[in-house]
1. Take G437 and tell me if it is touching a Cys at 6+ places or on another chain (Cβ under 7 Å) and of a type outside the set (A, V, I, L, M, F, W, C).
2. So which residues in the range 405-433 are modelled with pLDDT of 85 or more and either surrounded by fewer than 16 Cβ atoms within 10 Å (Cβ to Cβ) or under 25 Å from T507 (Cα atoms) (or both), if there are any at all?
3. Touching a residue at least 40 places away in the same chain (Cβ under 8 Å), out of contact with any Asp or Glu (no Cβ under 8 Å at 6 or more places or on another chain) and not in a loop (DSSP other than H, G, I, E, B): which single residue out of I498, I493 fits that description?
4. Just to be sure I understand, how many residues within the range 100-142 are in a helix (DSSP H, G or I), in contact (Cβ under 8 Å) with a residue 40 or more places away in the chain and not polar (S, T, N, Q)?
5. Taking the criterion of being modelled with pLDDT of 70 or more, surrounded by 11 or more Cβ atoms within 10 Å (Cβ to Cβ) and part of a loop (DSSP other than H, G, I, E, B), would at least one residue in the range 539-559 satisfy it?
6. Kindly establish whether W70 is farther than 21 Å from L214 by Cα and touching a Gly at 6+ places or on another chain (Cβ under 7 Å).
7. Is it fair to say F441 is without any contact (Cβ under 8 Å) to a residue 40 or more places away in the chain, outside any loop (DSSP other than H, G, I, E, B) and not hydroxyl-bearing (S, T, Y)?
Amino acid sequence: MTPDHIPPLSKKPSRWASPIKPPRWKFNVSFVCSSSAQRWWFASTAVPLIAATIGPFSNVLSIVSLVSPWRFTLPNNGTPDGTGRGSDDAAVGIADPSWELIPNSISIICGFVGHLFLLLNFTRRVRYIIALPLTILFWLISALILIAVEIAMAVYVPPKPPGQAYSQGFWHSVLASLLYIIGSFLLSINMIGYFRGHYPQNFELDNDQRTLILQTMSFFFWLAGGSGVFCALEGFTYADSLYYAQVSVLTIGFGDFAPKTDAGKGFLFVFQFVGIIFLALVISSLTRFVGNIGTDKIIKRHQVHKRELIFGRVVRSERELRERLGLPPKSQGNDGAGGEAEGGAVWDSEGYARRPSVMQLGKMKVVGRTVTFNEKKNEGKKRGTGLGRRGKKLLMLEKERDRFEAVRQIQVELMRWKQSWAAGTAILSFILLWTIGALVFMFTEKRISNLGYFDCLYFCFVALLTIGYGDLSPKSSLGKPFFIVWSIVAVPIVTVLIQAMSKTVVTAVNRGTFRLADFTVMPKKGVFDQFLKGTNNPASAGRGGGEEEEEKGKAPEIGGERRWFEDVDPEIAPDEIPPAESSTVDNATHAAELAQMLCETIKAVARDVRIDPGRQYSFEEWREFTKLIQFTKTGRGGEQLTEWDWIGEDSPLLTDVGEAEWVLERLVESLGRWVRMQEQAKYWDEVFEVMDVAWKRQSRSLDELGGPAGGRESASWLEQDGEGEKGRPFTR
């Protein structure tokens, strides 16, 4: 853990204080704001990785457009030949003009150079402000060159239908130029976020992200190289070889292309084995990357919003509760007699508000720890008999344990929201990929197969789940290039969908299966009694369902007890409320015992960090940790310790690291303070021991000379343990 994870020592800022932001259109390359980085997480983290994937993939498509003719002649004047393979597979290519080959070659070179500068930026060999603009520039040049050649081809030498059409080489060029433009646009968004000061200029890549970039590049290079080998061995065109290699590596296997020669079949053993390994590595890295993004960015932002929402409703004492609800304060009368205070409240002889006083001011509802107060309208207003302003909802958390449990509830709700968000996003992405892909395939295959939308949905579903019956497959010159791009996009989407389903649907099914087994095939002892007690207990059912109880002047339920407002002392802070039970650390009376417990606790927490880093500690365990962390607090002028609030922004339960790691860091710091205290005490022991010896020698010399007996006891004040001058500790 780095020092950046240590919470600040200063007081918490005001909830109403607005964060400082740079001017809207002013470039500020040195300002970095963590909250802005969370809002710009896609531009700062996802965009560079997407661009690193688009770069090599676009280069592969550009290579296909260079080595393949852009036009071909169709047999039978463009009508299907009646065989299992479409007419496009039997077409004859038309030689491209020379003015198309040279710009196409320049476009490929620009694409490779742009991707090279992006990689040099990742490795910090070239500065961000130089590498990223050059990457955007070269990719735009590559895209514009391809677009210019495509327009020129359509204007000067277009194919003459129905006997001629654009081949796969032309459509690979169109898709490559589109991907270059998308990559340049995404990197431009990243630069805008940098210029506006939302994140630093360097790409902070962790090991998983670096691995994902390298594995993606390796996968595309292996795909392109293997396609060239199949082209030479089987006589396929390079475009058909790329399509065949893609279908093979993704284990779809439509069967429209298959190796015929022994050399091709033998090479398939090596190509498929290595290709599946690359694909599995990419899927594994994608899973970790998506999990890290969800935890570090999206989930963190939702956690901050949830904490701030609850923190703004929390009150810690009756006095604060009355102030927030607009109720009058307690009477300060000295005669002990009852009286009437401001706002119509009636006070009894003990100085507490009677229940009718709240009824005169409005209506109060208490649900658990939530207090809702609806103030009545003034009599001067129209329809003054009704309720006035919208009810104020506050959360009464006066005890430290209540605040701790509130944070735990935030974590439970956050985990549910995280799973729901991940599953919903994955399902929505899959549905969009499925339905939009089917719509495109219905258009691309209309000339040859004339497939309806439902047939295209069936084909896309079979392809996405890698079933690959082979009854339907892309046959047109546009359908195959689009299938290559579409199937590559499907890899991360299907991966995230499977991961989300394993954490939500599969977990729910397993839980339901185990629950059903407890009542049927594997009955658990006492399960029926527990079920009947749970359904026949109206008190528990009411609390779980949020039963509302209207209480006039009654405080919320805290810790299983109900107390009137007057039972809460507004002067007592939560930290001063005595704990309900004592622990082992509380029974320790000497610092040496606490130091021994500190060492044992460090060993236990270190074991948790190694074995169970995500462990959540109970409130009692946190109380022991807190005492072990704070017992080494020094006096005036010494080291200052961090104080935290369980529900505040510096809460150790809501940090970016696990609880075990956070506790271990603080315990080690406490041990370091203890060692320094002992070294300081040892130093002063030696100093005062020398002073003691010198004083005794001087006393003996005076006795031998017949002088005074010492006038005061010999260094008796040195024999006491405590603190020396200026607060310097020493022990004897």
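The values are calculated or read from the model by the stated rules, or taken from the named source; none is laboratory data. Keep in mind that what you see is a predicted model, and the values were worked out from it rather than measured. Backbone-built Cβ (ideal geometry, glycine too); neighbour counts: all protein chains shown.
1. Values: touching a Cys at 6+ places or on another chain (Cβ under 7 Å): yes; of a type outside the set (A, V, I, L, M, F, W, C): yes.
Yes: the conditions hold for G437.
2. Result: A423, G424, T425, A426, I427, L428, S429, F430, I431, L432.
3. Exactly one residue qualifies, and that residue is I493.
4. 17
5. no
6. Details: farther than 21 Å from L214 by Cα: yes; touching a Gly at 6+ places or on another chain (Cβ under 7 Å): yes.
Taking the combined requirement at face value, the residue satisfies it.
7. Working: without any contact (Cβ under 8 Å) to a residue 40 or more places away in the chain: no; outside any loop (DSSP other than H, G, I, E, B): yes; not hydroxyl-bearing (S, T, Y): yes.
No.
For (1) surrounded by 20 or more Cβ atoms within 10 Å (Cβ to Cβ); (2) not assigned by TED's automatic domain parsing to the domain that holds F42; (3) not aliphatic (A, V, I, L, M), each residue gets a yes or a no:
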residue	(1), (2), (3)
R196	yes, no, yes
Q209	yes, yes, yes
I213	yes, yes, no
S218	no, yes, yes
A224	yes, yes, no
C231	no, yes, yes
